[in-house]
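These notes concern the structure reproduced below.
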Amino acid sequence: MGASMRTIDTPRLGSRHLLSILDLTHDELRATLALAARLKTERPLGLRAPTAHALDGRHIGVLFEKPSLRTRVTFTIGARELGGDVVDIPADVMHADREPVQDVARNLERWVDAVVIRTFAQERLELVSRATRDLHVINALSDEEHPCQALADLQTLQEVWGDVRGRTITFVGDGNNVATSLVHAAVMLGAHMRVATPEGFELPAEVAAQAARVAADGATLTTMHDPREAVAGADAVYTDVWTSMGQEVEYAERKAVFFPYQVNAALMAHAAPGALFMHCLPAHRGDEVTHDVLEGPTSVVFDQAENRLHAQKAMLVMLLS
Ligand code: CP
Ligand code: NVA
């Protein structure tokens, strides 16, 4: 640990990994977001930032089995800004006919401190994390969850609102990885979540039970099929692609089913005045969101993208320091 790191008061996380927002306690989630806000303020200090040497001598592997712009670039830059070294690991090492993922993990733990993995089933992340004793595993998106996105999303909302407690956030579209992690983080911080999906595309059944278990300050999760009812009076409206990575063959079928769930000016008119528009990006203008809403004055999508950097740097410090 660099001398300057000793000036940073970060609680040691109970979990060695970030596979899910549910790996964090309420206090750890709040502390991560507070550190993320601080790292954002201190970024202009560059090498004079108190965290510039936080990861000196540490190696972080980056292994993506799906495309990525934001997550890959922000983890790479973020680790380097903390003094760490980044090793790009090609995705083909994860092919089952090469070696079991557990063996990949047991090799990696001999060389790197942490591995940031974007993959398909969440189970693959669990296999990697269970196969090792020392390696830190960070979920850079799985089919089921996208915790790093949710950290940046809640950082963005805290910047605008101060406190998210009692606010209403509506997710419209597919009950997917982004929606699941958003629900986890939002209710842990006391915000009400509404999720409107077409029939057959609801959040996984277990998410309601998870939300009920971790909800704080009276936060609720309400699921429905009517997007207008879900958006009525909401303080923020969030959507994501209708066809996630790996589902491309379903694009035409999904486009027909999801069209009534497009976030456009008519739908936003049901939200609270000044309601924020949110999207994890990449966005498909004309599908899940119209150009005017994405580019509108209350859209915070590029703030969310920027905050990926700060939130993930905070996570790296919390996990590795
Ligand atoms: N939002 C997000 O995770 O973007 P990338 O797929 O570009 O990493
Ligand atoms: N739900 C999308 C998110 C992309 C960042 C996907 O999984 O492709």
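Coordinate-derived values only; no laboratory data. Owing to the predicted nature of the structure, the values given are computational and were not obtained by experimental measurement. Reconstructed Cβ throughout: ideal geometry from the backbone, glycine too, with neighbour counts over all protein chains shown.
Which three semi-axes in whole Å describe the equivalent ellipsoid of the chain, each the square root of 5 times a Cα gyration tensor eigenvalue, listed largest first?
On the way: eigenvalues 200, 106, 61 Å².
Equivalent ellipsoid semi-axes, largest first: 32, 23, 17 Å.
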Once normalised by the length of the chain, the mean sequence separation of its alpha carbon contacts under 8 Å that are 6 or more apart gives a contact order in percent of 19
Residues other than Ala283 with Cβ under 11 Å of its Cβ, Lys/Arg counted +1 and Asp/Glu -1, net out at -3
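Computed over the Cα atoms, what is the radius of gyration of the stretch 146-218 divided by 2.2 N^0.38 Å, N being its residue count? List each step's numbers first, then the result.
Working: Rg = 11.6 Å, N = 73, 2.2 N^0.38 = 11.2 Å.
For the stretch 146-218, the normalised Cα radius of gyration is 1.03.
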Around Ile21 (Cβ within 13 Å, Cβ-to-Cβ, excluding Ile21; K/R +1, D/E -1) the net charge comes to -3
In debye to the nearest 20, the charge dipole size for the chain, taken about the Cα centre with +1 at each Lys and Arg Cβ and -1 at each Asp and Glu Cβ, equals 1020
Expressed in nanometres to one decimal, the distance between label points 7 Å along Cα→Cβ at Glu295 and Glu159 is 2.1
For the pair Asp92 and Ala209, the simple spin-label estimate (label points 7 Å beyond Cα toward Cβ) gives in nm 4.2
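Hey, what does the equivalent ellipsoid look like for the stretch 19-99, semi-axes from the Cα gyration tensor as sqrt of 5 times each eigenvalue, largest first, whole Å?
Numbers: eigenvalues 145, 66, 26 Å².
Square roots of five times the eigenvalues give 27, 18, 11 Å.
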Here, His225 and Arg80, labelled 7 Å along Cα→Cβ, have an inter-label distance in nm of 5.0
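Phe259 to Trp111: FRET efficiency via 1/(1 + (r/R0)^6), r the Cβ-Cβ distance, R0 41 Å, to the nearest 0.05? Before the final figure, lay out the partial values.
Values: r = 48 Å, r/R0 = 1.17.
E(calc), rounded to 0.05, equals 0.30.
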Taking only the Cα positions of the stretch 212-321, the convex hull volume per residue in Å³ is 157
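Where nothing but the Cβ of Lys and Arg (+1) and of Asp and Glu (-1) is charged, how large is the charge dipole of the stretch 45-158 around its Cα centre, in debye to the nearest 20?
Details: 13 positive and 18 negative charges, 69 e Å.
Computed about the Cα centre, the dipole is about 320 debye.
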Listed by chain and number, the aspartates and glutamates with an alpha carbon less than 19 angstrom from that of Lys40, same-chain partners under 8 positions apart left out, are Asp9, Glu28, Glu81, Asp153, Glu159, Asp163, Asp303, Glu306
Rg (one decimal) and Dmax (whole number) from the Cα set of the stretch 90-218, in Å, equal 17.0, 50
With -39,500 (n - 2.57) per DSSP H segment of 4 or more residues and division by the full residue count of the chain, the 222 nm estimate, nearest 500 deg cm²/dmol, is -11500 deg cm²/dmol
Once the in-chain neighbours fewer than 8 apart are removed, the aspartates and glutamates whose Cα is under 13 Å from Lys66 read Asp92, Asp143, Glu248
